[in-house]
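To start, the structure itself, in structure tokens.
The values are calculated or read from the model by the stated rules, or taken from the named source; none is laboratory data. All values derive from a computational prediction rather than experimental measurement. Neighbour counts are summed over all protein chains in view; Cβ atoms, including those assigned to glycine, are modelled from backbone coordinates with ideal geometry. Quick note on the areas: whole protein, heavy atoms, side chains included, nothing else; ligands and nucleic acids left out. Shrake-Rupley method; radii C 1.70, N 1.55, O 1.52, S 1.80 Å.
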Amino acid sequence: MAENKARSVDQASVAMIEKATSDRVNTAFDRSEAMKPCPIGAVGSCCKNCGMGPCRVPLPKGKEETLAEKQKRRGVCGATAETIAARNFIRMIAGGAAAHSDHGRGVAELFLAVAKGEAPGYEIKDEQKLLQVALDWGIEIGDRGNNEIAIDIGEKALAEFGKQEGQILFLKRAPLKRQELWRGLGVAPRGIDREIVEIMHRTHIGVDQDYRNLLKQGVRAALADGWGGSMIATELQDILFGTPAPILGQVNLGVLKRDEVNLVIHGHEPLLSEMIVAAAQEADMIELAKSKGAKGINLAGICCTANEILMRHGVPLAGNFLQQELALVTGAVDAMVVDVQCIMQSLPDIAQCYHTKIITTSPKAKIAGAVHIEFDEHDAMGSAKAIVKTAVENFSNRGSNVSIPEERTDLIAGFSHETINYLLGGMFRASYRPLNDNIINGRIRGVAGVVGCNNPRVTHDEGHVAMIKELIKNDVLVIQTGCSAMAAAKAGLMVPEAAVKYAGEGLASVCEAVGIPPVLHLGSCVDNSRILMAATAMVKDGGLGDDISELPVAGAAPEWMSEKAISIGQYFVASGVFTVFGVTWPTLGSDEVTNFLFKDFEKMYGGMWAFEPDPIKGAQMMIAHIDKKRKALGIDKARERVLYDMAMRRSLE
Ligand code: BF8
């Protein structure tokens, strides 16, 4: 990593980083320079799972290492570098799967309360999806009412977490061949909580000490996340709040307004934020804002909660993970309300330098120095109004040190898996057929999921934008979630015009014909389950093999940092997808573990991990994998014959 790397490619962020410096505010950009990563921990060779350690196993000497030397590289308990790297890796999966799944559990609890009429203000918005999930789970529909069906769905969803035997219900949605493979390898998850707990057990001192067996349990817990906890979160949220459809939005710090109350919503669970969106439109709240001298109430989002309320309501995105502190540095945020995950503890300290109120809302996530207004699902509107009121009443405390960057960019969001279906095939013949056909005829080379975080160890947003531009230039359709989606949106890649400007001729022609951007926003990080469903739909539509591993697709997280990203990557790999991570790789302390994940996994799962810090090279690896799959399907020749003139491109409609 270059010492003098730029801190961000996003000019709004650069301006606020400079303002932070002049305001003497310390941000993650400063802290990451002051705090270098521990070289032993970074490669997964530090074990702190007991009181005999922490043991830092030295890195191997390379090929010259003798067996005797290798045997000395062990923890006090005798654990090898392989065991330690695998333990650490799957503990990351446990953390990530737990975060997504506990989110899913929270949604299921609210869902059940709504069905029972115990959560006023919420209702079932997507009946079609309610019935679909009932069908998938074998729940009787007949002439029963929505709430009756929803009670069964809610109870079954909650039972998924504590289930001890069998396999999780949504696994049946996967292609049959994939389900058989999972069962054959013994990685079909039984219950969500069980798989996570078993990781914690196996990685305790003196339990599982075979890295292959440890990684196997990592796969099982990751699958419980992607096809379990995350999919439950996405599906039940869609039923409650509506399945997203294309919607115009804006992104970047320039969405904050000088003359309105700015309330920024940050975190992951849309349960409360849905109600805040409604509360901010209530006449009494707007009146209150006007009485304080504001023209209105402006909501904006940070991180995945932002994606949720953008996808369903068009609420603008203030920014991604590394912009949470910078939003406060504008001096224009009257309150920032947070729930769970990816929230920096520095926020209350930074808020003190301005006037912002930081409001925590979850009993699971309190931060010293923040105001706590607990979300009560039985009186959600009451909680939401208390929060909006706190922001409004703080408006008059706004100081003169306010600077809102100009930058804000349009984007089209709302590409749920169902929407892609309709857009491609039409309302009455919804299908992935046109996508498959365009892949087979070579106009679209393949599909790439580019997802994940920001990480201040690399230039903010640079990896996402560079990788995505390289992919679409080479006719690869990009589908996105999380902070990566926001990076692309800020760079202007999520509007239909981006197809002509940045995409290769084949991809551009399809985007123009359908009227979609070359980069599609599918939502938050739990919505990576939408990508699993899209890949499955491609398999089911035919012509591209009979398993996800045969599709010309690939995945990446070029700026990952969270344990959730590792869990996501692992469930994509185990679902048959080649997946490239940038920045750093947490098992480099053991060649055997790394080779197992990068090479042996391909033989077992048809998908494998790769590590490539250069985003362009990462994109090229994905394209090479896509081409390998095209060749195996016998559709590589089709692509070579595609030569377009303008008349042909117009005729595609
Ligand atoms: O769950 S992409 S930084 S905000 S972990 Fe966090 Fe990473 Fe952003 Fe959403 Ni996902």
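Would you compute, for the Cα atoms of the chain, the largest minus smallest coordinate along each principal axis and list the three values in descending order, in whole Å?
Rounded to whole Å, the extents work out to 74, 65, 53 Å.
On the principal axes of its Cα set, how long, how wide and how thick is segment 286-374? Give whole Å, largest value first.
Principal extents (largest minus smallest coordinate, Cα): 33, 30, 25 Å.
Using Cα centres only, tell me the gap between segment 210-273 and segment 293-323 in whole Å.
14
Please report the projected area of segment 97-179's Cα convex hull averaged over all directions, in nm². Mind dumping the intermediate values first?
Details: hull surface 25.8 nm².
In nm², the orientation-averaged hull projection of segment 97-179 is 6.5.
Any aspartates and glutamates with Cα under 12 Å of the Lys172 Cα? List them, leaving off those in the same chain fewer than 8 positions away.
Cross-link targets: Asp136, Glu180.
Which whole-number percent of Cα pairs in segment 134-276 have a distance greater than 23 Å? Intermediate results must be reported in sequence, preceding the final value.
Details: 5336 of 10153 pairs.
In whole percent, the share of Cα-Cα pairs in segment 134-276 beyond 23 Å is 53.
Ranked highest first by average number of other Cβ atoms within 10 Å, how do 53-63, 461-471 line up? Please list the in-between numbers first.
On the way: 53-63: 14.4, 461-471: 26.1.
My ranking of the peptides, most packed first, is 461-471, 53-63.
Between the alpha-carbon centers of segment 511-530 and segment 558-611, tell me the distance in whole angstrom.
The two parts, judged by their Cα centres, are 23 Å apart.
Calculated from DSSP H runs of 4 or more alone, at -39500 (n - 2.57) each and per residue, what is the 222 nm mean residue ellipticity of the chain, nearest 500?
Details: 30 runs with 317 residues, N = 653.
So the helix-based figure for the chain works out to -14500 deg cm²/dmol.
On the accessible surface of segment 441-577, probed at 1.4 Å, how many percent belong to carbon and sulfur atoms? The partial results should precede the final answer.
On the way: 1390 of 2660 Å².
The value for segment 441-577 is 52 percent carbon and sulfur by accessible area.
From the phi of every residue in segment 59-66, what ³J(HN,Hα) in whole Hz does the Karplus formula 6.51 cos²θ - 1.76 cosθ + 1.60 yield, where θ is phi - 60° and glycine or proline is x?
5, x, 7, x, 5, 6, 4, 7
Assuming R0 = 30 Å, can you tell me the calculated FRET efficiency for the pair Thr21 and Asn397, based on Cβ-Cβ distance, to the nearest 0.05? Walk me through the intermediate numbers first.
Values: r = 24 Å, r/R0 = 0.80.
My answer for the efficiency is 0.80.
For Lys295, go through the lysines and keep the ones whose alpha-carbon is under 28 Å away, minus same-chain ones fewer than eight residues off.
Lys19, Lys257, Lys357, Lys385, Lys389, Lys490
Accessible area per residue of segment 1-125 at 1.4 Å probe, in Å²? Intermediate values should be presented prior to the final figure.
Numbers: 6320 Å² over 125 residues.
On a per-residue basis, 51 Å².
Using a 10 Å cut-off on Cβ atoms, rank the peptides 95-101, 145-151, 189-195, 406-412 from the highest mean neighbour count down. Can you show the working numbers first?
On the way: 95-101: 26.0, 145-151: 17.0, 189-195: 23.0, 406-412: 18.6.
Taking the mean over residues of other Cβ atoms within 10 Å, the ranking is 95-101, 189-195, 406-412, 145-151.
What does the accessible area per residue of segment 319-420 come to in Å², with a 1.4 Å probe and no ligands, DNA or RNA counted?
Details: 3670 Å² over 102 residues.
It amounts to 36 Å² per residue over segment 319-420.
Which order do peptides 489-502, 626-639 fall in by mean Cβ count within 10 Å, highest first? Intermediate values should be presented prior to the final figure.
Numbers: 489-502: 20.6, 626-639: 16.1.
Output ranking for 489-502, 626-639: 489-502, 626-639.
If you take the C-alpha gyration tensor of segment 414-510, multiply each eigenvalue by 5 and take the square root, what semi-axes do you get, largest first, in whole Å? Provide the component values of the computation, followed by the final result.
Details: eigenvalues 126, 47, 24 Å².
One finds semi-axes of 25, 15, 11 Å for segment 414-510.
Explain nothing, just compute: Karplus ³J(HN,Hα) = 6.51 cos²θ - 1.76 cosθ + 1.60, θ = phi - 60°, for every residue of segment 371-385 in order, whole Hz, x for Gly and Pro.
7, 10, 10, 6, 6, 10, 5, 7, 9, 4, 5, x, 4, 5, 5
So how compact is segment 494-637: Cα radius of gyration and Dmax in angstrom?
15.9, 49
Would you please report the Å³ per residue occupied by the convex hull of the alpha carbon atoms in segment 336-427? Write out the running numbers ahead of the final one.
Values: hull volume 16.2 nm³, N = 92.
Each residue corresponds to 176 Å³ of Cα convex hull volume.
How high is the relative contact order of segment 112-188, given as a whole-number percent (alpha carbon pairs under 8 Å, six or more residues apart)? Display every interim value, and only then the final one.
On the way: 48 pairs, mean separation 20.2, N = 77.
Averaging sequence separation for qualifying contacts and normalising by length gives 26 percent for segment 112-188.
With Cβ to Cβ distances under 12 Å as the rule, what net charge do the other residues near Ser45 carry (K, R +1; D, E -1)?
It works out to a net charge of +3.
Of the accessible area of segment 200-300, with the probe set at 1.4 angstrom, what percent is carbon plus sulfur? Don't jump to the answer; show the numbers that get you there.
Details: 1510 of 3040 Å².
The nonpolar share, carbon plus sulfur, comes to 50 percent.
Given R₀ = 45 Å, what would the calculated FRET efficiency be for Met200 paired with Ala283, taking r from the Cβ atoms and rounding to 0.05?
On the way: r = 50 Å, r/R0 = 1.11.
Calculated value: 0.35.
Using Stokes-Einstein with the Kirkwood hydrodynamic radius over Cα pairs, what translational diffusion coefficient do you get for segment 208-260 at 25 °C and a viscosity of 0.890 mPa s, in µm²/s rounded to a whole number? Write down the numbers at each step before the final one.
Working: Rh = 15.1 Å.
Stokes-Einstein gives a translational diffusion coefficient of 162 µm²/s.
Please compare each pair in Lys5/Lys473; Lys366/Lys564; Lys603/Lys631 to a cut-off of 22 Å on the Cα-Cα distance and tell me which ones are over it. Before the final figure, lay out the partial values.
Values: Lys5/Lys473 26 Å; Lys366/Lys564 20 Å; Lys603/Lys631 18 Å.
Result: Lys5/Lys473 exceed 22 Å.
Which percent of the accessible area of segment 1-124 is formed by carbon and sulfur heavy atoms (probe 1.4 angstrom)?
About 55 percent, which is the carbon plus sulfur part of the accessible surface.
Per residue, how large is the accessible surface of segment 149-287? Use a 1.4 angstrom probe and give square angstrom. Intermediate results must be reported in sequence, preceding the final value.
Working: 4510 Å² over 139 residues.
Spelled out: the 1.4 Å probe surface of segment 149-287, per residue, equals 32 Å².
Hey, what do the phi angles of segment 320-329 turn into as Karplus ³J(HN,Hα) couplings, whole Hz, using 6.51/-1.76/1.60 and θ = phi - 60°, x for Gly and Pro?
9, 2, 6, 9, 5, 6, 5, 4, 5, 5
Antiparallel as a % of all DSSP beta bridges within the chain, to the nearest 5? Mind dumping the intermediate values first?
Values: 9 of 48 bridges.
Here the antiparallel bridges make up roughly 20 percent for the chain.
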